[in-house]
Each structure stands twice: as structure tokens, then as C-alpha cells.
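S.K.: For reference, the structure I am asking about is given below.
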Amino acid sequence: EHRSPLVDRDIEDGTALSRVLEQLADATGDSASTTVADLMTRWDDAVARHRAGDLAAAAATYAEVLREQPDWAPAWQLSGDIAHATGDPAQARVAFDRALTAAPNFIEARISAAELALQTGDAGRAVTLAREGVVRAPRDAGLWRMLGRAQLAQRDAQQAAETFTRALRVAPTSADLHFQHGVALNQAGDAQGAARAWQRERRAEAELRAA
């Protein structure tokens, strides 16, 4: 039986999935209600097992969900995270690619895919994924951070410093971004700029502790 793919959106938890599946049930009629309820239950079970560290069981349940909804990007992304964590980078890449094909604006999947690329020595792919991401979501600091890290991996410290400057416009109180900015400046030969960035990092950390 053909099932319509779910909408392209960033879904992070079971509550959000439930809302979308309820919309699917409304669109397809009462005959879909059992399937929708079952999918919701299996999704919640998979996420709970994932959080508990039972990765094999979580992966199996994500696969069940994907057999029913093969374009459900969050299930692909979480399946990819498990494959990455359990030492199967090839399968992780397939899963992340499927997630981004189904939902190109899915930020978490894009960051996971870029992180995998970095860890497997493909900084060029990481740059491409992150650069496409910041075009789609220019106010997401995580994507800018990933782009800067990937540029550092390519030994393009000057460009990375500019990228971290852009990231800090989005998240000016991020201690980690100030640290990364300092690393990039230092590698680019600007020791004084790096020292100032690391001072800002320490201030940001102190403000966070005091909050």
C-alpha cells in the first residue's frame, strides 16, 4: 500500500512527530488511525531506547518506522547517528543523505552529516554541506560553527576566522564560538586577535556560570 510521505520539516521529538502523524490521519481518513497510532508508539519506543543506550533495538525500530514512512527524515537522521556511533560510517552517510534528500532544511541531519565527513577525513564534503546549510538557515549558529571547523580542517584559517565572526553575530555569547574564533585567528597568524577572542571566551563562560 502506498503511503504519502510526511511533510519536510525539522522534527526533534515524539511530540512533534505525533502532531504531524495526526495531520496525516486527518488527511487520509479514519482508516489511517491505527497505523498512525502504531507509528507514534514505535517512534516513542525507538527514541526511548536510543536515549537509554539500547542502540541495536532503537535502530531496529527506526527501520520499522521507515518501512512505513520511507521519507521520514528524523528516523533516517537518528539511524545515521547510531550507525556513526557503532562504527559504520558508510551506512551513516547513506542514512544522512536520505534524511537530507527528504528534508533539505533539516539542520540537525546536515550537521550530523558534516560531522561524519570531518571525522572520516572529507573536509571538502563537510564544507559543502555546511555552506549549503548556512544559505538555507543563515541564523543558525551551529551551521556556521560547522562551516568554520570544516574550513580549519582544510587549513583555510583566514576564511574560518571570517566564518566564526559571522557565527558570533548570530550567537555573540557563545564561549565555544569565541574559542574557535581564537583558534582560527591564531592559525592565521593573528596572535593578538586570538588572545582577545580567548578573553571573550572566558568572559562568556563566567557570565554563563553567574546566570
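S.K.: Using a 1.4 Å probe on the protein heavy atoms only, what accessible surface does His178 show? Give it in Å² to the nearest 10.
M.R.: Surface open to solvent at His178 totals about 20 Å².
S.K.: So, one more: For region 81-147 and region 34-50, write down the distance between their C-alpha centroids in whole Å.
M.R.: Cα centres, region 81-147 to region 34-50: 25 Å.
S.K.: Going 7 Å from the Cα of Glu207 along its beta-carbon direction, which residues of region 166-193 have the amide nitrogen within less than 15 Å of the resulting point?
M.R.: 168-179
S.K.: Across every pair of different alpha-carbon atoms, what Kirkwood hydrodynamic radius in Å does region 143-211 reach?
M.R.: The answer is 11.6 Å.
S.K.: Loop only by DSSP, 13 or fewer other Cβ within 10 Å of the Cβ. Give me the chymotrypsin sites (Phe, Trp or Tyr not before Pro) in region 110-211 that pass, ordered by residue number.
M.R.: none
S.K.: By what distance, in whole Å, do the Cα atoms of region 33-171 stretch along each of the three principal axes, largest value first?
M.R.: Principal-axis extents of region 33-171 (Cα, largest first): 54, 30, 25 Å.
S.K.: Report the dimensions of region 48-113 along its three principal axes from the alpha-carbon atoms, largest first, rounded to Å.
M.R.: Answer, in whole Å and largest first: 28, 25, 18 Å.
S.K.: Given a Förster distance of 25 angstrom, what is the FRET efficiency for Arg139 paired with Asp45, based on the Cβ-Cβ distance and rounded to 0.05?
M.R.: It comes out at approximately 0.15.
The values are calculated or read from the model by the stated rules, or taken from the named source; none is laboratory data. Please read all numbers here as calculations on a predicted model, not as lab measurements. So basically every Cβ, Gly included, is an ideal-geometry build from the backbone, and we count neighbours across all protein chains shown. Ligands, DNA and RNA are excluded from the accessible area calculation, which covers all protein heavy atoms including side chains. Shrake-Rupley method; radii C 1.70, N 1.55, O 1.52, S 1.80 Å.
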